[in-house]
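Below is one structure, written out as structure tokens; comments come after it.
Since every read-out is calculated from the coordinates, none of them should be taken as a lab result. As the structure is a computational prediction, the values presented were derived from the model and not from experiment. Every residue, glycine among them, receives a Cβ derived from its backbone with ideal geometry; neighbour counts consider all protein chains shown.
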Amino acid sequence: DISMEQGREAATIAALNLLAQLKAACTGDLDRISYCVRISCFVACATDFHEHPKILDPVSSILVAAFGEEIGVHARLAYGSSALPFNSPIEIDGIFRMSV
């Protein structure tokens, strides 16, 4: 059981981890990211929770801040799940276009 704010904080941490993985994939050069295609988010929640997109908002904000609107604006999917691996409150993944 966590609050909405704690879920959003977890999403912020997940977004920063995603950026770190992107940087590693780009051998340290995030300028190689040419487009953020889609972000997917799984939120561990009760069946009566319906605010999944609000949990994902910080992720979108961080990506737009990092890459600008032309590259960072993306499609989003938010899913509810009864449980996630290792009792995590949130899980995100992203699809990005990267230049060679």
Exercise. With the dipole of the chain worked out from charges on the C-beta (+1 for Lys and Arg, -1 for Asp and Glu) around the Cα centre, which of 40, 60, 99 lies farthest toward the positive end?
Worked result: 99
Exercise. In the neighborhood of residue 45, defined by Cβ-to-Cβ distances under 11 Å, what is the net charge if each Lys or Arg adds +1 and each Asp or Glu adds -1?
Worked result: -3
Problem set entry | Folded to 0 to 90 degrees: helix 52-67 orientation relative to the chain principal axis, Cα | 20 degrees
For this session: Compute the label zone of residue 98 within region 40-61: residues whose backbone N is under 18 Å from the point 7 Å along Cα-to-Cβ.
Result: 40
For this session: Grab the other residues whose beta carbon is less than 12 angstrom from that of residue 95, score K and R as +1, D and E as -1, and report the net.
Result: +2
Seminar exercise, completed: Computed, not fitted: 222 nm per-residue ellipticity of the chain from DSSP H runs ≥ 4 (each -39500 (n - 2.57)), nearest 500, equal to -13500 deg cm²/dmol
For this session: Just order 35-45, 19-29 by mean Cβ neighbour count inside 10 Å, highest at the front, would you?
Result: 35-45, 19-29
For this session: Mind putting a number on the dipole of the chain about its Cα centre? Charges go on the C-beta only, +1 for Lys and Arg and -1 for Asp and Glu, and I need it in Debye to the nearest 20.
Result: 300 debye
